[in-house]
Amino acid sequence: MALEPVALSLLDRPHLPQDGELDPANFKEWWHFNLLDDAYGLDLIVNLSLSGDITRPAVGEANLIVLAHEPAHGWTGGVRRHDGLTARVETATFDIQLDMVKLRFHRDRYVLKAESERPDGISVDVELVPRTEPMVVWKNTPIGSGHINWLITPYLEADGTIRVADRQYRIAGARAYHDHNWGRWLWGDNFGWDWGFCSAAAEVEGAPMSLVYDRTVDRAGHRIMEHSLALWHGESLLKFFPRQQIRMQRKGLYRQHIRRIPGVAGLIDPASVATVPGRIDIEARDGDDWVDACYIPDAAIQIAIPREVGFGLVQLNETLGWLTLSGSVAGLQFAATRRSCFEFVG
Amino acid sequence: MTSREALTSACEAIRTEFLPAYIRLLDAIEGLSVECVVGDERFRVSGSGELVIGEIGVISPSAHVLCTRTAILALVDGDMSLLDAVKRGKLDICGDTKELLSLARAQRAFAEGAARVRQVEDILAQYRIGASEAS
C-alpha cells in the first residue's frame, strides 16, 4: 500500500478530549468494522465506541457491539456497555482493550479479538489487512449542534475465525470495511445520515473497485449537510463525487420485522421499525464519469440509542443487502452486483 | 435477587442517575396501587407523593399485573412484545382503562430510565441469575 502502515496507525489513533477541554461529556468516538464473507454468506459488524469522560469513573462509557448475520440463523449478538474507565486505551495508536475484547492496529493490519462468555454469543479472531488508502474527512462536519470527523478504509482483506453460537467459520480473504468517527454531538439533536459501502464491488482491469456513500441530513431528511460518493480503484481514490453531482432516491419500505437492540427499546417504542427504505437508487454524474447504483436490503437490525436531548430513541438501522452497480469513471467501465451494507440513522 | 428487589434497585438507580425519567414515573404512578404477582412473589407498587414498592396491603389494589420472571426477561430482551405477551397469556394486566393508561406511561418512563442508566444492566444480570436458579 502506498500509505505507510505507521501513518495509518497514527491517523487511526484515538482523539480523546484533552485536559481542561470544554464539554468532555459530548465527546464521542468509535471504530467500526464490517466483514462480508461471500463464501459463507456471513456478515459481521464490530463497533467499539467511547463517549464522555473516560478518565473518571461512572461518567464515560466504553461500549461494544458485535453482531453477526447468517442466512440460515438471522442475527446474533448485541450491545455490551461498560464504564469508560474500564477501557485500556493507547493514545498514540489504535490499541484498545475492553473486558474480553482486544482491538488494535499491529504492524500493517488490524487485529480483532473478542471472546464471548456466552455459549450462544460471538467470538471473533480475525486480522484485516488494508488494501486501499484511507480517506480522511477531518473538517468538523456539522451534525446537530455538534460535529463529526471520519476516517474511511473501504476495503480490507480479512482472515481468521468467527464463532457464532456453536457454528465455527474459517474466514479467508473476506471483504471488509473499516471506519473511525470522532467528534462532539448529542444523540437526539436534529440530524440523521445514510451511509453505505461496497468493498471490492467489482474487479476492473485487475484491481478491485470499492465504493463508499454518505449523506448527512437533518432528522427529517430535508436539509442536506453533506452528500458524497467515493470510488477507489486498487489502492487509490479514483473519484469523489460531491453533493452537486449526486442524486439519491428512497423507494418503498423494508417490510420484514426489524429486531431492536437493546431489547428494552421495544418497551420505549413498541411500534414496528418503519424507517428503512425498501430500495435506494443513487446516480452520480460528472461529465463523462457516471455511476448508477441500486441497493436492496434483505436483512436489518436496529441499534436504538437513548436520546441525550429529551426522551425517546435515535434509530441506527444497520442493513445488509445487494448493491447493483454500473458506471464509467476515468475510462474504466464496470458493472457488478455484490453483498453490501448500508446504515440509515435518524 | 427477587423481582421486588430488582425493581426497587432499578428505580433507585434511575432516581439517582436519570431523574427526569423517575419524575415521569412518579407522575404516572401517582394515585395508583398495583398488585404485582411474579411467579410466587407478590408485592405492591403504589404512588402517593413517592414511589412505594412494598408488601400487599389490606386496601384493594386499583390494578393487577400477573407474569413470570421468564416473561419479564423476554420483554426486556426484546424477544417478546408487550402485545404478544398479553396475547400469549404470558402477561395479564387488569384495571380500569384510565389506570391502565397510567400504568403504560409508568412502564415507558421506567424503560426510558433503564435504557439510560448502566447500573440497571448490572441489576438485570443479577436478576437473570435468580431467574435461572428459579427455573
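The values are calculated or read from the model by the stated rules, or taken from the named source; none is laboratory data. None of the values given here were measured: they were computed from a predicted structure. So basically every Cβ, Gly included, is an ideal-geometry build from the backbone, and we count neighbours across all protein chains shown.
Below are the figures for this structure:
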| quantity | calculated |
| --- | --- |
| Every residue from the stretch B:44-61 that is touching an Asp or Glu at 6+ places or on another chain (Cβ under 7 Å) and either at pLDDT 95 or above or acidic (Asp, Glu) (or both) | B:Arg44 |
| Any hit, the stretch B:62-70, residues being at pLDDT 95 or above and part of a loop (DSSP other than H, G, I, E, B) | yes |
| Filter result for A:Gly144 (surrounded by 15 or more Cβ atoms within 10 Å (Cβ to Cβ), in contact (Cβ under 8 Å) with a residue 40 or more places away in the chain and at positive phi) | yes |
| Number of positions in the stretch A:19-73 that are at negative phi, assigned to a loop (DSSP other than H, G, I, E, B) and touching a residue at least 40 places away in the same chain (Cβ under 8 Å) | 4 |
| Of the criteria (1) away from every other protein chain (no Cβ under 14 Å); (2) in contact with a helix residue (DSSP H, G or I) (Cβ under 6 Å, 6 or more places away or on another chain), which one A:Gln333 fails | (2) |
| Selection within the stretch B:80-129 - closer than 21 Å to A:Arg81 by Cβ and either in contact with a strand residue (DSSP E or B) (Cβ under 9 Å, 6 or more places away or on another chain) or away from chain A (no Cβ under 14 Å) (or both) | B:Glu112, B:Ala115, B:Arg116, B:Arg118, B:Glu121, B:Gln126 |
| Members of the stretch A:239-288 found to be in contact with a Phe, Trp or Tyr (Cβ under 9 Å, 6 or more places away or on another chain), closer than 15 Å to A:Leu313 by Cα and either within 14 Å of chain B (Cβ to nearest Cβ) or surrounded by 13 or more Cβ atoms within 10 Å (Cβ to Cβ) (or both), listed by number | A:Arg259, A:Ile261, A:Leu267, A:Ile268, A:Val273, A:Thr275 |
| Residues of the stretch A:226-247 satisfying the condition of being touching a Ser or Thr at 6+ places or on another chain (Cβ under 6 Å) and in a strand (DSSP E or B) | A:Glu226, A:Trp232 |
| Residue among A:Arg285, A:Arg250 that is more than 22 Å from the chain's Cα centre (by Cα), assigned to a strand (DSSP E or B) and basic (Lys, Arg) | A:Arg285 |
| Test: A:Ala25 is surrounded by fewer than 18 Cβ atoms within 10 Å (Cβ to Cβ) and either more than 30 Å from A:Trp322 (Cβ to Cβ) or not assigned by TED's automatic domain parsing to the domain that holds A:Ser116 (or both) | yes |
| Criterion violated by A:Gly84 - all others in (1) more than 14 Å from every other protein chain (Cβ to nearest Cβ); (2) closer than 25 Å to A:Arg13 by Cα; (3) among the small types (Gly, Ala, Ser) satisfied | (1) |
| Condition broken by A:Leu151, with the remaining ones in (1) among the hydrophobic types (A, V, I, L, M, F, W, C); (2) under 17 Å from the mean Cα position of the chain (by Cα); (3) not assigned by TED's automatic domain parsing to the domain that holds A:Leu8 satisfied | (3) |
| Condition met for A:Arg170 (under 30 Å from A:Thr337 (Cα atoms), surrounded by fewer than 19 Cβ atoms within 10 Å (Cβ to Cβ) and modelled with pLDDT of 95 or more) | yes |
